Amino acid sequence: LVVALAGWLLLLPRVLRHWRLPAVGAGFLVCVATQGVVVLAGTSAPPGRVGWICVPGLAVFVLGLVLYGFVLARFELGQLRRGAGDQWVAGGALAISALAGATLVTATSSSGVLGWWPGLHEAVRSADLIVLGLALAWYAVLAASELRWPRPVYDARRWSTVFPLGMTALACMTTASATGVGWLRPLGEVLVWPALAAWIAVAAGAARRMTPPARRC
């Protein structure tokens, strides 16, 4: 967590200083990186010991959502039609945000941290469900755009499609456990299969790209 936090503090300002417009899907990685720190903070907070980590973790969680809005306002929607794969990070960033929120919900409910502010735990829970709902909405929009404008040619950026698919499935299952919304778990289990299929397809494309062409005699 300390190493990740140090890297985040070092790199984020440099990325923002060299921002380019219009933003593409990769731009949402500033949110992904930020929420990754929150996930580590939440999972590093065993009950009754270092639960205080959730306090700055909550602040970084909010910052991650602010960064998401910053990129979204500059995102080129035409990427839905012609993106090479990284446009899916627009949804994946919200999925990891939901995962981060779920870890905070779990940590705060078990350790009693943040109890000094009545209703804050429930507010984090509600925010987590809203973020997950937005991630699922992006999932539907991005999947529909793939069907409307198929792009079957392999591109290395297709690995940025696999990540959001898997992260959305994980976020559903984790949020189900954290919030008690049981139907999210079977939904996450179903979404694992498109993620696996995408991984296989992209891995096969990468293998074909790395295989040298056969020489003619």
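The values are calculated or read from the model by the stated rules, or taken from the named source; none is laboratory data. Please read all numbers here as calculations on a predicted model, not as lab measurements. Note that we place each Cβ from the backbone using ideal geometry, even for glycine, and neighbour counts take in every protein chain shown. Please note that ligands, DNA and RNA were not included when accessible areas were found on the heavy atoms of the full protein model with its side chains. Shrake-Rupley method; radii C 1.70, N 1.55, O 1.52, S 1.80 Å.
Miscellaneous remarks
- Residue-count net charge about I200 - beta-carbon cut-off 13 Å; Lys, Arg +1, Asp, Glu -1: +2
- Dimensions of segment 1-210 along the principal axes, based on C-alpha atoms and rounded to the nearest Å, stand at 53, 42, 31, largest first.
- Between 0 and 90°, nearest 10: helix 29-43 axis offset from the chain longest Cα axis: 40
- Probe 1.4 Å, protein heavy atoms only - accessible area per residue of the chain in square angstrom: 53
- For the chain, the longest principal axis of the alpha carbon atoms and the long axis of helix 54-72 meet at an angle near 40°.
- With Cα atoms, 0 to 90° folded angle of helix 184-210 axis to the chain main axis: 40
- All other residues whose Cβ lies under 12 angstrom from that of D155 are scored, Lys and Arg at +1 and Asp and Glu at -1, for a net of +4.
- Measuring nothing but protein heavy atoms, the accessible surface of the chain at 1.4 Å probe radius is 71 percent carbon and sulfur.
- Percentage relative contact order, the chain, counting C-alpha pairs under 8 Å, at least six apart: 21
- Net charge over other residues, Cβ less than 9 angstrom from the Cβ of A23 (K, R count +1; D, E count -1): +1
- Of all segments of the chain bounded by chymotrypsin sites (Phe, Trp or Tyr not before Pro) found in a DSSP loop with no more than 12 other C-beta atoms within 10 Å, the longest spans 20-115.
- With the highest mean first, a sort of the peptides 29-42, 184-197 on other beta-carbon atoms found within 10 angstrom per residue produces 29-42, 184-197.
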